Structure formats: C-alpha cells, structure tokens
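The structure appears right after this line, and notes come after that.
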Amino acid sequence: MSTFKQYSVLPGFNLALGFTLLYLSLVVLIPLSAAFIHSAKLTWPEFWSTVTAPRVVASYRLTFGASFAAAVVNTFFGLLVAWVLVRYPFPGKRLVDALIDLPFALPTSVAGITLTAIYAGNGWLGQYLEPLGIKVAFTPVGVFVALTFIGLPFVVRTVQPVLEDIEKELEEAAAMLGATRWQTFRYVIFPAVLPALTTGFALAFARAIGEYGSVIFIAGNIPMVSEITPLLIITKLEQYDYAGATAIAVVMLVISFILLLIINLLQWWVRHRSIKA
Amino acid sequence: MTAVPLLQTSPAPHKVVTQESPWARWTLILLALSFLSLFLLLPLVAVFFEALRKGWEVYLAAITEPDALAAIRLTLIAAAIAVPLNLIFGIAAAWAIAKFEFRGKSILTSLIDLPFSVSPVVAGLIYVLIFGLQGWIGPWLREHDLSIIFAVPGIVLATIFVTVPFIARELIPLMQAQGSEEEEAAIILGASGWQTLWYVTLPNIKWGLLYGTILCNARAMGEFGAVSVVSGHIRGLTNTLSLHVEILYNEYNFVAAFAVASLLALLALITLVLKTLVEAKVAQQTSRGNHS
Amino acid sequence: MTIEIHDLSKQFGSFTALNDINLKVNPGELLALLGPSGSGKTTLLRVIAGLETADSGQVLFNEEDSTDKHIRDRHVGFVFQHYALFRNMTIFENVAFGLRVRPRKQRPNAPEINHRVTELLQLVQLDWLADRYPHQLSGGQRQRIALARALAVEPSVLLLDEPFGALDAKVRKELRAWLRKLHDDMHITSVFVTHDQEEALEVADRIVVMNRGRIEQIGTPDEVYEKPANPFVYEFLGHVNLFHGRVHQGHAWIGDLEVDAPEYSEAEDLSAIAYVRPHDIEVDRTLNGEPALAAHIVHILAIGPVVRLELAGKDNQSTNSIYAEISKERFRELQLARGDQVFIKPRKLDLFPNHAQNGSIH
C-alpha cells in the first residue's frame, strides 16, 4: 500500500479523484495557466510598462480603494445586520434573512442597470442627491455603491453562525461579574466574532476587486477617473491587445491567489477558535 | 414616592442581563433595516417598477420579441449543460475528499474554490487565449471551421468555469459531517460501490445536492462578466439574458432592458425562496444522524 | 468459524496501534477485547473485519488466509459503535438491505426477504418498529436493530465495536444480559470491543486485555480477575490498592508487615509493588499480636451491604489512599468512625518486583 492514501474499504477513490482532477484541469487549471504562459510573450520591461501605465495604475487605485471602502462599510453594517438577525425578534425577520442573499442571486447586469436607475441624476434617489451636490452615478462613488451591494452578504453570512454559537452562559457570566452590556460586547462577544468578521471582510474585498457587471453601468467608465481594472482588460481585448489584456489579468490573478491564501488562513483561524471555545 | 418597599409585590418588568434596553434594541433594528432597505429592497422594487413603467403590453412585447426569446433559450441551454456537469463533478469531488484520507487533499479543496476568486472577466479572457483566433488552438479550430469563442460553446465553457465550485463546496462539508460509517456498513453487508452510492450516500445528501444545484443554476443563468468576454454579443445568436439586458440598455431601450432584467430578478427571487426552504432540510440532514 | 491472528502489526505514522498480536478465537466463543482507549482494540477488530489493513501478519478464517480477502467475501457481521443505521431507510429496509443488494441470482425473492426480516425483528423483539426511521428509535433499540441488520446476511463471525458504549447505564445492563442470552442461543463466533471491565467480565467467555497495541493477558473472566498476569491487568480490572515494599529471598516487606513470597526466593533485595483488592483487606481495631499496618479512617461510605473505607497509612508504604471494603456487620461490630486509628492486613496480595513491572501505567 502506498502512503499516498490511507486504506479504506470504500471503493471508487481512483475513479472519483481521477475525474475530479481531469475536470478541474480541463475547465480551470489549464485555462488559467494559459494566462501566465501567454503573458510570457512580453519581455519583462514590456510587461512592467503595461501594468504600470498611468491609466492602469489609476484603475488599480479606484478598484482597490472602492473595494476597500465597500468592504469596510459592509463589515460594519454586516455585523450590525447579523447581530439584529440573531439576537432580536421583529416582524418579517425570516423574509429579511432570506433577502440578504439577493446580491448572490441577482445577475450582476441587473444590479448594474438598477443601481444606475436609482442613482443617476434623474433617478429615484439621484434627483434628491444631485441638488445637494452629491453625484453618485458615473463617479467613483457609484463604483463604491455597486461594490457595497455586491459584497453585502459576505460579512452577514460569515458572522451569523458564529454569533449563533456564542454560549449565552459566557455573557451571563460577564454580566454577573459586573460587566456592562457594552463591556460584555467589547471583551466577550467581539473577540469571538473577530475571526469571522475578518474573513467576511476579506471575502467581500476579494469579490469586489474582480467585480465587473454591476460596476460598469454606474461607473461611467471615464479613463483615469472611474474606470475599473477588469474593464481595462476588456478594453484592451476589444482593441485586440491580447498581450496587454493578459498582463493586467496576470496581475489580478496573482492578487486573487494571495487573497485566496489569506482567506484560507483566516478560515483556519475561525475553525481553530471555534474548536477551542 | 413616600416609601421604598423592600419586596416588590407587583411584578417588575423582567430585566434579562444579556439583553439590551428596548431603546437600544429598536435603534439597532431600525438602523439595520434602513441599510438593507436602501441597498437591497430599493433595487429590487426598482427593477419591477422600471420594467412596468410603460404598462403590461410594452412589458410583454419586450420579453416575447424574437431576440429576447433566443436569449432565454441560450440561457437555458448554457445552464442545462453546465449544471449537470458540475453536479457530477461535485459528487465525484466530494466522494474523493470526504470519504478518503490522501495527501494533497487540502490543496485540492482550495483548488476547487479557485474559480470563486478569479474575476469573471479574467475567466472569460483565459478561454479567449486558448480558443480565440490568436489563441493556442484558435487557428486549428478555424481551419476546421469550428468556433468556440463568439459562439455557444464558449458561453457554455465560461458558465461552467464560474459555477464549478457551487455543488462541490456544498457537498464536501455535508458528507464530512455525516462520516463514512453508513457506507462502510453497506459494503460489509455486501453492497457494491454503485449500490452504496445510490442507496445510501445520495439519499443522505439529497437536500445538500439540491441546495448546491439551486445556487449553481442561479449563477449559471445570471453570469455576465465571463460570458460577456467570450460571447461577441451577436443578437439572437450568442446573447444570454444577462447580455441582452446590457445590449438593450446601451441602446437606451430602458423599458425593454428592465423588462428582461425583471425576468432575471424573478429568477433570483425564486432562487431565494427555494434556497430558504431547502436550507432547513440541509441543516436537518447534517445533524440528524445516528448520533442524536 | 475459528479466527486465528498471527504476528499482526500496524502503525499509524509513529503510533503503534498493533504490536505483534497473536490470538485464536474459538468457534462459537464470545470474546471481549478489553483495554483503555488507544490500546489498539478497535483497530484489531477493524483489521479482523477487513475495514483496515495490517502492515504485517495474517488473519485466518477457518485456517484460510483472509488477509487480502475483500470485506464482502469475509462474511462478517459488524456492529458499529454508533450503529451506522441508514438514516434514510426504515428499520425494515435497514435489516433487509444486505439481502436486497445481493446479485440477482443469489437474491431471495420479496416474500422470503419479508419473512427473514420479520423473523430477525422478532428475534430482537422490535418487530413493531418496522416502519419507523432510525432517528425515531432510542439508543438501545437502534443497537438491537444494528445487530439484526448484521445477522440478516447470516455472517459466520459477529464483530461488535463498543456495542454498549453510547448507551446510558441502565440500558447497558439490560442489553448486556440480552446479548449474552442471544449469543447462547445462536452460538455464532463473536468478538466485541469494550473499555468497560465490568462489561467484559460479565458477558464474555474469554477476555483479551490489551494495552498500547499489545496483548497483556488472555483468559476467562475468572482468570484475568483472580490471577492478573501483570500490574497493568491488575490495575485495569477493578479497584486495587498499591503498596511499595521490598522482596528478599522469599520474603516481602511492606512497612512492618512481612509476608511469605516463596516464588521470589531468588530475589536479592528488590523493590516491589504489591496489589491488594479492597475486599482482601482486613480491618481491625487492635493488633492482635500479628503484624499489620497502622492507618486512620479518612472517609466512610456506608451505602448498601458493603462499607467502603478510605484510609491513610501511617508510613509511606502507599502513595495514595488505601481503600478497604468490609461487610456492614463487621463495620457495626468494630463501631468505626471517621478519624479512628485502625490496623489493616492484606488477606491476599500479589507481588510484582520492579524488573517485572512492564506495562504498568505508573
């Protein structure tokens, strides 16, 4: 017996693993490697000048900045929503709970045009915001709004189960030891949900960076101002600049992989915490 | 008040130490609901409102015109191919990962999640790099008069890519939680591998399977970014519903765009309802083992 | 069916689960594998079943090498610790499963299956539960269904992993007697794993005491209880008092107490451990001229016919408290109270000089 696999009486390991690896290779791994191999057609200086061109750098700044801001807002409100859903009874709670996943279920193009209709200068909310000097649609603020919508479920759904699992006894013990409600939250509850909160933040952030559909309608796509990085890839592709598109895609892939690694570590942290508790 | 009674005779409002004051409670609830109304409810209402802005007749006309019907058909085809393939993949991957101990298992588990962290645009691009005219096998495809990019196969491939993890990641934890004892018992009792899968494993994971399929289907029918890159936006030919929304919108045909969008929003609502119904069953299936 | 195990060893990484196991299970015997957790007893059972493979050694069924035989061809019945009933099937379907998955040619027809399953459900006295699902049954009922399911395929060997481990004390007691009776009726070669010495002593024909992947002793319940082969078996089976002393040329000393130890006539001033069961300790208020150990009473537990005394020795012959069990009559006769000074003397004791101390958990 090889040490690759532990003995088991259950059959089908070779078939199941073989099919899994074949499918994953054909659909995911080989195509992804194409991006890296293709980018090797550029020399290093060419690659570097492509991915650091001013317009590209401006798109990074917008993509990462707006994604970060959206993830921060989602972290705050996600914790609040999860808290309210877990702790307080109120009418229509089940409905609200189900609605949280809307951004997962709603196609991004639908989200994009709808948010635009709401925040455009003559839109549902835009018509009231514009006279106040707040322009949302076709500005970086619009990008932020779209990314907030897209990332909303992540924090709620990672924090919710952790909040549900916190033992009531812990809080009762804290209260009996004289802690105020705020102190209990600060020193007992918050540390317990912190790993999940961080994971939710990272998931929302990672999703926002790659987002395309919901953003392009509301962003206005003004070069140097409101143009996100995924859009630049498409622009280059439409100009048949495959090498340029690939170079930027490789940068995004590398960032995605790093984020994936961080998220895996965070999830390990969450599990580790909940086992210890 | 003249005297403070030592023992209160009338029942004082019961104060639970682990609860906030009603004032704080309602402030938090209100704050959370306002946020959700602004970001979830308002867009949802807006889709249907905008779609019906010019009345039912315009609405019906928009969703029954030939290009819209072609888009519906292509969306259904793409999902009908992508979902079953990912279903088989999900069962195979979960069987290998949840029922066996082998080296590199955690790496494989992360690899399955990989498509979730790749930008949809990049997902589309990589298929262009392989099958496009300047791609690896693009010239060969052209010689044989086959097209994948800017054609239906490309759309199906991109759809498969973005939906690969859905069913597998639902089944793996479920099957891990259920353990392998029932399967071992079946094998000892003389069942073959397929009999064990069919009579023991699949019934035990059916709700998780359905749950993953619902999520997978929603994404498969709604995917925009990846499909947009490989489609070429040929009306009536390579347009999915999601792409059709974009075309109509860019043509300033807002009512039609929202009408088609409302179909997708309806799909999203159905998905949420089914998901909520099935969720309870999945939880039951995870916990209601022999260990209760 | 005879099961023979030759030189069986298994490692999990650096952990030795089984270390050179040799064992013979006689036909129709009910054998207990007894040991603490991590002793390798469950691994041994799973290797016999074919659920695990050994690194080296053989498993023989009726003198036929079954080491590489697939589990399906071993004809074993296996009862899992947590029953592993198919949660999506009714009780009837669970018991019928082994018959229904047979290849078409060997498969009994529906009325035959029906008859056989009903018969088995009657045997385990649960035929009225046929249409229920496993989660609607109590732990004890599930255990009996698991047994019926294993018996349905007419196995030549029945293997049970901690069959009563997940049940509460009262149900355990009932099922023990029931399993003993069932085995006496069916006489199928059976091996069960347990960490509960009382369970092993009460149910099994023979007991295999295991520790750290090794067999410490094989014997009838009486043998292993009365003549433990080594300190480990002594300490694992029942309560025991441990004294430190010395052996020298056929005599042993524990404090002032001298006992004959003819089997150690060769010993030259060895340190030794002596084991005395609580009921083998005599308690008296006076010395009566015979050597004895002085102690005082720390605690008295006088519930039931036996009175349990916790004593503290005057010297350091015993590191822990000494426990003695005396009858209620004797207790009344002596009029003992907490704090009283008494003298104790072992009626029977077993000596283990230090060089023979292998396997002790101290």
(message) Given the criteria among the small types (Gly, Ala, Ser), modelled with pLDDT of 85 or more and more than 32 Å from the chain's Cα centre (by Cα), does residue C:324 qualify?
(response) no
(request) Name, by its number, the condition in (1) under 21 Å from the mean Cα position of the chain (by Cα); (2) surrounded by fewer than 21 Cβ atoms within 10 Å (Cβ to Cβ); (3) touching a residue at least 24 places away in the same chain (Cβ under 8 Å) that does not hold for residue A:225. (result) (1)
(message) Please list, ordered by residue number, the strands (runs of 3 or more DSSP E) wholly in region C:265-307 having 3 or more residues that are farther than 27 Å from residue C:228 by Cβ.
(response) C:293-301
(request) Sort out which residues of region B:240-267 are in contact (Cβ under 8 Å) with a residue 24 or more places away in the chain and farther than 22 Å from residue A:120 by Cβ, and write them in order of number. (result) B:240, B:241, B:263, B:267
(message) Restricting to region A:35-57, count the residues that are open to solvent by 70 Å² or more (accessible area, probe 1.4 Å), of a type in the set (A, V, I, L, M, F, W, C) and part of a helix (DSSP H, G or I).
(response) 4
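Can you tell which of B:119, B:147 is farther than 30 Å from residue B:202 by Cα, touching a Pro at 6+ places or on another chain (Cβ under 6 Å) and among the polar types (S, T, N, Q)?
Checking each option against the conditions leaves just B:119.
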(request) Return yes when residue B:60 is open to solvent by less than 20 Å² (accessible area, probe 1.4 Å), in a helix (DSSP H, G or I), farther than 21 Å from residue B:213 by Cβ and of a type outside the set (Val, Ile, Thr) and no when it is not. (result) no
(request) From (1) open to solvent by less than 40 Å² (accessible area, probe 1.4 Å); (2) at pLDDT 90 or above; (3) within 16 Å of the chain's Cα centre (by Cα); (4) aliphatic (A, V, I, L, M), pick out the condition that doesn't hold for residue C:237. (result) (2)
(request) Determine which single condition residue B:229 fails, assuming it passes every other condition in (1) out of contact with any Cys (no Cβ under 9 Å at 6 or more places or on another chain); (2) farther than 17 Å from residue B:75 by Cα; (3) assigned to a helix (DSSP H, G or I); (4) open to solvent by less than 20 Å² (accessible area, probe 1.4 Å). (result) (2)
(request) Keeping to region C:241-255, report how many residues are touching a residue at least 40 places away in the same chain (Cβ under 8 Å) and farther than 17 Å from residue C:348 by Cβ. (result) 2
(message) Which residue is surrounded by the most Cβ atoms within 10 Å (Cβ to Cβ), if the candidates are limited to region B:185-220 and must be closer than 20 Å to residue C:99 by Cβ and away from chain A (no Cβ under 13 Å)?
(response) B:199
(message) Looking only at region B:161-184, how many residues end up being open to solvent by 10 Å² or more (accessible area, probe 1.4 Å) and either more than 14 Å from chain C (Cβ to nearest Cβ) or of a type in the set (Lys, Arg) (or both)?
(response) 6
(request) For residue A:216, state whether it is within 11 Å of chain B (Cβ to nearest Cβ), over 14 Å from the mean Cα position of the chain (by Cα) and either outside any helix (DSSP H, G or I) or within 18 Å of residue B:123 (Cβ to Cβ) (or both). (result) yes
(request) Kindly establish whether residue A:133 is free of Cβ contacts under 8 Å to residues at least 60 places away in the same chain, open to solvent by 40 Å² or more (accessible area, probe 1.4 Å) and closer than 25 Å to residue A:226 by Cβ. (result) yes
(request) Identify, from the list A:234, A:263, the residue that is among the β-branched types (Val, Ile, Thr), closer than 27 Å to residue B:162 by Cβ, in contact with a Leu (Cβ under 7 Å, 6 or more places away or on another chain) and within 12 Å of chain B (Cβ to nearest Cβ). (result) A:263
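Table: residues versus (1) outside the structural domain of residue A:226 (by TED's automatic domain parsing); (2) closer than 20 Å to residue B:107 by Cα; (3) aliphatic (A, V, I, L, M); (4) touching a helix residue (DSSP H, G or I) at 6+ places or on another chain (Cβ under 9 Å).
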{"residue": "A:15", "(1), (2), (3), (4)": "yes, yes, yes, yes"}
{"residue": "A:18", "(1), (2), (3), (4)": "yes, yes, no, yes"}
{"residue": "A:23", "(1), (2), (3), (4)": "yes, yes, no, yes"}
{"residue": "A:26", "(1), (2), (3), (4)": "yes, yes, yes, no"}
{"residue": "A:29", "(1), (2), (3), (4)": "yes, yes, yes, yes"}
{"residue": "A:32", "(1), (2), (3), (4)": "yes, yes, yes, yes"}
{"residue": "A:52", "(1), (2), (3), (4)": "no, no, no, no"}
{"residue": "A:57", "(1), (2), (3), (4)": "no, no, yes, yes"}
(request) Just name the residue that is nearest to the chain's Cα centre (by Cα) out of those in region B:115-134 that are more than 7 Å from chain A (Cβ to nearest Cβ) and open to solvent by 10 Å² or more (accessible area, probe 1.4 Å). (result) B:116
(request) Just one of (1) aliphatic (A, V, I, L, M); (2) at the interface with another protein chain (Cβ under 7 Å from one of its Cβ atoms); (3) without any contact (Cβ under 8 Å) to a residue 60 or more places away in the chain; (4) closer than 20 Å to residue B:138 by Cα trips up residue A:35, so point out which. (result) (3)
(request) Only residues in region A:95-117 that are more than 7 Å from chain B (Cβ to nearest Cβ) and farther than 14 Å from residue B:272 by Cβ count as the first member; pair them with residues that are assigned to a loop (DSSP other than H, G, I, E, B) and open to solvent by less than 10 Å² (accessible area, probe 1.4 Å), Cβ under 6 angstrom, at least 6 apart or cross-chain, and list the lot. (result) A:116/A:137
(message) Being more than 8 Å from the chain's Cα centre (by Cα) and in a strand (DSSP E or B) is the filter here; which residues of region C:198-221 pass it?
(response) C:206, C:210, C:211, C:214, C:215, C:216, C:217, C:218, C:219
(request) Could you please find all residues in region B:21-40 being exposed (fewer than 15 other Cβ atoms within 10 Å of the Cβ) and assigned to a helix (DSSP H, G or I)? (result) B:22, B:23, B:24, B:26, B:27, B:30, B:31, B:34, B:37
(request) Scan (1) part of a helix (DSSP H, G or I); (2) surrounded by 24 or more Cβ atoms within 10 Å (Cβ to Cβ); (3) more than 9 Å from chain A (Cβ to nearest Cβ) for the single condition residue B:239 breaks and write down its number. (result) (1)
(message) Checking the conditions here, which among A:7, A:23 is aromatic (Phe, Trp, Tyr), without any contact (Cβ under 8 Å) to a residue 40 or more places away in the chain and outside any helix (DSSP H, G or I)?
(response) A:7
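I'm trying to understand the selection: among the residues of region B:76-102, which are open to solvent by 40 Å² or more (accessible area, probe 1.4 Å) and within 7 Å of chain A (Cβ to nearest Cβ)?
The one that is open to solvent by 40 Å² or more (accessible area, probe 1.4 Å) and within 7 Å of chain A (Cβ to nearest Cβ): B:101.
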(message) It is to be established whether one or more residues within region C:133-156 are more than 28 Å from residue B:285 (Cβ to Cβ), open to solvent by less than 20 Å² (accessible area, probe 1.4 Å) and part of a helix (DSSP H, G or I).
(response) yes
(message) I'd like the residue in region A:245-260 that is more than 16 Å from the chain's Cα centre (by Cα) and either surrounded by 23 or more Cβ atoms within 10 Å (Cβ to Cβ) or not in a helix (DSSP H, G or I) (or both) and, out of all such residues, is farthest from the other protein chains (Cβ to nearest Cβ).
(response) A:247
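The values are calculated or read from the model by the stated rules, or taken from the named source; none is laboratory data. If you're wondering where the values come from, they're calculated on a predicted model, not measured in any experiment. Cβ sites come from the backbone with ideal geometry, for glycine too, and all protein chains shown count toward neighbours. These accessible areas exclude ligands, DNA and RNA; they are computed on the full protein's heavy atoms, side chains included. Shrake-Rupley method; radii C 1.70, N 1.55, O 1.52, S 1.80 Å.
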